[in-house]
Amino acid sequence: MGDVLVTGVAGFIGAHLAAALLARGERVIGLDNFNAYYDPRLKEARIAALTAGARPGQFALHRLDLADQEGMAALFAAERGLDRVVHLGAQAGVRWSLEAPFAYTAANVTGQLAVLEGVRRSEGRIAHCVHASTSSVYGVREGAFREEDRVDRPASLYAATKAAGELMAHSYAALYGLRLTALRFFTVYGPWGRPDMAYWLFTEAMCAGRPIRLFNQGRMRRDFTYVDDAVAGILAVLDHPPAGPGQRLYNIGNSRPEELLEMVAILERLLGVAAIRRLEPMQKGDVPATWADVSAMARDFGWRPATPLEEGLGRFVAWWRGRFG
Ligand SMILES: NC(=O)c1ccc[n+]([C@@H]2O[C@H](COP(=O)([O-])OP(=O)(O)OC[C@H]3O[C@@H](n4cnc5c(N)ncnc54)[C@H](O)[C@@H]3O)[C@@H](O)[C@H]2O)c1
């Protein structure tokens, strides 16, 4: 086995994936630009934990911007042991895409292209590239989302750049015979999570006695996916590359949409505090509901989500208490 490149390695899912790869003895080449979308100290702390858990020489880190065309080409040229890529680095977050749209095209379009170019120029050495997409590509929808549903009506620029990433990958697979898999993640949460996401913002506000903001009057439904389940899904896909050139698409979700108010009720029980609810209108770019049909992941890899929301939030809160008291 060769090395695995994990982009966005200092991010939430990237750090969990890298830890799992290191734990099974793989050599990991990490890439991240440690940007300040949220506190970079959290990203540094994730990397410190990863480094502490790695054998000497098992983990290498490149502090690099995905949109740095020359830097990316140099990385792919230098890291000749790479045979797999998991591309998780991206500008994430629906709401911030209304404030900083160009950050999204830089990371998710130019950056996506730099990764695809790197794979293309590897002349077949990189046998498989798994890249992150999102449930957001489905737009405003009802019922369960299936991989073959149309994804040409995004509700936010974030979603549009991710859908563009899938299309670009499709064209590269067709043009250059690449083997690619796009994974559409549904609201991933857990320890070492993301400070911009609702479960973190609510926990922080509730512990400080501040009100929590519930958009769409709290009538949102999300398919909350525990990070260990997401990582197990990535590994299952990585270990079963496509038989031939092309791009495969899979949903990675819990397949159990829950009311946001249910998440708040669970956090109240876990934290032992009553939330001060502030009901607000729907925010631009948001979708009212997500729900993953995961039968394709079950059929092709035997993968199924295993963590109920209450259990996963319990693990998040335990981690949170250990870190922030
Ligand atoms: N967490 C979720 O709920 C969720 C849901 C759907 C899709 N995703 C996707 O999964 C992937 C990982 O998400 P995450 O939750 O770990 O987010 P994250 O923000 O914690 O991780 C992304 C990492 O990418 C890095 N990055 C961003 N722009 C970069 C650039 N231009 N160059 C180099 N590094 C850059 C960031 O510094 C960060 O460490 C992303 O592609 C995201 O769009 C996540």
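Taken together, the values in this text are just the output of simple stated rules run on the coordinates, not laboratory data. Because the structure is predicted, anything quoted here is derived from the model rather than measured. Cβ: placed from backbone, ideal geometry, glycine included. Neighbour counts: every protein chain shown.
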Q | Among GLY233, GLY111, GLY314: highest mean-square fluctuation, GNM of the chain, C-alpha pairs under 10 Å | A | GLY314
Q. In segment 1-149, what is the volume of the convex hull around the alpha carbon atoms, normalised per residue and reported in Å³?
A. 130
Q. If eta is 1.567 mPa s and T is 4 °C, what Stokes-Einstein diffusion coefficient results for segment 6-61, Kirkwood Rh from Cα pairs, in µm²/s?
A. 118
Q. With labels modelled as points extended 7 Å from the Cα through the Cβ direction, what inter-label distance (nm, one decimal) is found for ARG323 paired with ARG150?
A. 4.1
Q: Evaluate the charge dipole of the chain about its Cα centre and quote only its size in Debye, nearest 20, assuming +1 on the Cβ of each Lys and Arg and -1 on the Cβ of each Asp and Glu.
A: 340
Q. With r defined as the distance between the Cβ atoms of LEU175 and ARG219 and R0 fixed at 41 Å, what FRET efficiency is calculated, to the nearest 0.05?
A. 0.40
Q) Radius of gyration and Dmax for segment 164-291's Cα atoms, expressed in Å? A) 18.2, 56
Q: Give, in nm to one decimal, the length gained when the segment between GLU259 and MET282 is fully stretched (0.36 nm per residue of separation minus the Cα-Cα distance).
A: 6.8 nm
Q: Note down the nm distance, to one decimal, between modelled labels 7 Å out along Cα→Cβ at GLN58 and at ALA243.
A: 3.5
Q | Along the chain, longest interval not containing exposed trypsin sites (Lys or Arg not before Pro), exposed being DSSP loop plus at most 16 other Cβ atoms within 10 Å | A | 151-218
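How much of the DSSP beta bridge set in the chain is antiparallel, as a percent to the nearest 5?
5
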Q) Extent of the chain along each principal axis, from alpha carbon coordinates, in Å, largest to smallest? A) 57, 44, 39
Q: Can you figure out the FRET efficiency of GLU142 with SER295, using R₀ = 22 Å and their beta-carbon distance, to the nearest 0.05?
A: 0.75
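Quick one: net charge around THR161, please, counting Lys, Arg +1 and Asp, Glu -1 for every other residue with C-beta under 15 Å from its C-beta.
+1
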Q) Among ALA52, GLY8, HIS131, whose Cα sits farthest toward the positive end of the charge dipole of the chain (+1 at Cβ of Lys/Arg, -1 at Cβ of Asp/Glu, about the Cα centre)? A) ALA52
Q. Which distance in Å, rounded to a whole number, links the C-alpha centroids of segment 247-263 and segment 4-39?
A. 23
Q) segment 122-189: which GluC sites (Glu not before Pro) are DSSP loop and have at most 12 other beta-carbon atoms within 10 angstrom? A) GLU123, GLU142, GLU148
Q: Report, in deg cm²/dmol and to the nearest 500, the calculated mean residue ellipticity at 222 nm for the chain, where each DSSP H run with n ≥ 4 adds -39500 (n - 2.57) and the sum is divided by the residue count.
A: -12500 deg cm²/dmol
Q: Net charge near ASP39: determine it from the other residues with C-beta under 15 Å of the C-beta of ASP39, scoring Lys and Arg +1 and Asp and Glu -1.
A: +1
Q) To the nearest Å, what is the center-to-center distance of segment 95-165 and segment 183-227, using C-alpha atoms only? A) 22
Q.
Could you tell me the calculated FRET efficiency between GLU44 and ARG210, based on Cβ-Cβ distance and R0 = 22 angstrom, to the nearest 0.05?
A. 0.25
